[in-house]
Amino acid sequence: MTDVFTPPAQSADETASPFAVDVTRRIAGLDWPAIKAALGERGAAKTAMILTLEERALLAHQYDDDTKFRSRVVMARHGYGRGEYKYFGYPLPPLVAALRRALYPRLVPIANEWSESLGAATRFPEQHGDFLARCHAAGQTRPTPLLLRYGADDYNCLHQDLYGENVFPLQVVFLLSQPGHDFEGGQFVLTEQRPRFQSRAEVIDIKQGEAVIFAVHQRPVRGTRGTYRVTMRHGVSRITSGHRNTLGIIFHDAA
């Protein structure tokens with residue numbers, strides 16, 4: 001009989017940490033009706049500032065601490081672009097865990113509406129721990145939150161973050177660096193492929209500490225003949241100078 005992996009339980013200190021309390025309050029205070037509307041219209045939504053200066057610095061500095069990560073990926077080796085990223089290992093750092101845990105229940109209603117609109121049988125549970133249990137039972141046991149680091153001339157090719165059969169349809173990226181000061185270029189790029197149409201691209205500028213929430217793979221769009229699915233991909237345009245650091249929050253784990 002094969003044991004099913006489960007992530008380490010959150011400690012009392014972690015769940016009661018200032019990070020957990022403050023982040024939950026800030027995320028609850030976002031304009032969620034506007035976020036939902038933007039996701040429905042364009043497949044992406046910018047948030048107000050969520051991360052403080054202290055939190056942004058803490059996350060960026062963690063990149064050099066290999067004990068916090070399970071793997072490092074150099075994009076050029078795999079044809080993903082240029083730059084690199086590292087996947088956190090379990091247990092996640094308290095701030096990363098707090099963000100993942102606080103964002104998920106706010107996005108679940110949107111995810112379930114999309115799933116129903118697309119005619120899919122999948123429904124996502126209200127709590128993230130229950131969704132992770134589903135992932136782990138299917139062999140998706142490796143955590144997916146990650147830090148990404150780009151330098152001059154680096155970029156990220158258009159892609160989708162799919163790691164197994166269980167895919168939560170939304171994910172979040174936080175910008176840790178300051179545009180115009182730490183780096184130039186490096187815009188977030190989202191493309192949309194509709195049936196019988198050429199791809200549409202959108203460039204999204206976000207400020208330091210803000211986030212963009214966006215569709216991972218497919219989303220529903222209502223047309224004159226009913227609802228149809230469009231395929232989404234995302235990437236990062238070329239960094240023309242400086243260094244750009246981001247935090248990615250993906251809600252499904254990887255096989």
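Observations on the structure shown:
- Taking each residue of the stretch 184-206 that is under 14 Å from N156 (Cα atoms) and in contact (Cβ under 8 Å) with a residue 24 or more places away in the chain and looking for partners that are aromatic (F, W, Y) and crowded, with 18+ Cβ neighbours inside 10 Å with beta-carbon atoms closer than 9 Å, six or more apart or interchain, yields G185/Y155; G186/Y150; G186/Y155; F188/F214; L190/F214; V203/F188.
- For the stretch 59-80, the set of residues classified as open to solvent by 40 Å² or more (accessible area, probe 1.4 Å) and among the aliphatic types (A, V, I, L, M) consists of A76 only.
- From R225, R219, residue being among the basic types (K, R) and at pLDDT below 90: R225
- Among the residues of the stretch 127-143, just one is surrounded by fewer than 20 Cβ atoms within 10 Å (Cβ to Cβ) and either of a type in the set (S, T, Y) or in contact with a Leu (Cβ under 8 Å, 6 or more places away or on another chain) (or both), namely T141.
- Residue that is nearest to Y150 (Cα to Cα), among those in the stretch 224-233 that are open to solvent by 10 Å² or more (accessible area, probe 1.4 Å) and in a strand (DSSP E or B): R233
- Strands (runs of 3 or more DSSP E) contained in the stretch 160-216 and holding at least 1 residues over 19 Å from V108 (Cα atoms): 170-175, 183-185, 188-193, 200-204
- Exactly one residue out of L170, L176, L162, L158 is under 27 Å from L118 (Cα atoms) and open to solvent by less than 20 Å² (accessible area, probe 1.4 Å): that is L170.
- Among the residues of the stretch 58-103, just one is without any contact (Cβ under 8 Å) to a residue 12 or more places away in the chain and small (G, A, S), namely A76.
- For the criterion of being open to solvent by 60 Å² or more (accessible area, probe 1.4 Å), touching a Gly at 6+ places or on another chain (Cβ under 9 Å) and of a type in the set (S, T, Y), Y150 fails.
- Residue tally, condition more than 17 Å from the chain's Cα centre (by Cα) and either part of a helix (DSSP H, G or I) or at positive phi (or both), over the stretch 130-154: 7
One line per residue, one yes/no per condition, for (1) open to solvent by 10 Å² or more (accessible area, probe 1.4 Å); (2) basic (K, R); (3) farther than 20 Å from F188 by Cβ:
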site	(1), (2), (3)
K36	yes, yes, no
L39	no, no, no
A48	yes, no, no
A57	yes, no, yes
R82	yes, yes, no
F88	no, no, yes
A98	no, no, yes
P109	yes, no, yes
E116	yes, no, yes
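The values are calculated or read from the model by the stated rules, or taken from the named source; none is laboratory data. Just so it is clear, the model here is predicted, and its values are computed rather than measured. Using ideal geometry, Cβ is built from the backbone for each residue, glycine included, and neighbour counts are taken over all protein chains shown. With ligands, DNA and RNA removed, areas are computed over all heavy atoms of the protein, side chains included. Shrake-Rupley method; radii C 1.70, N 1.55, O 1.52, S 1.80 Å.
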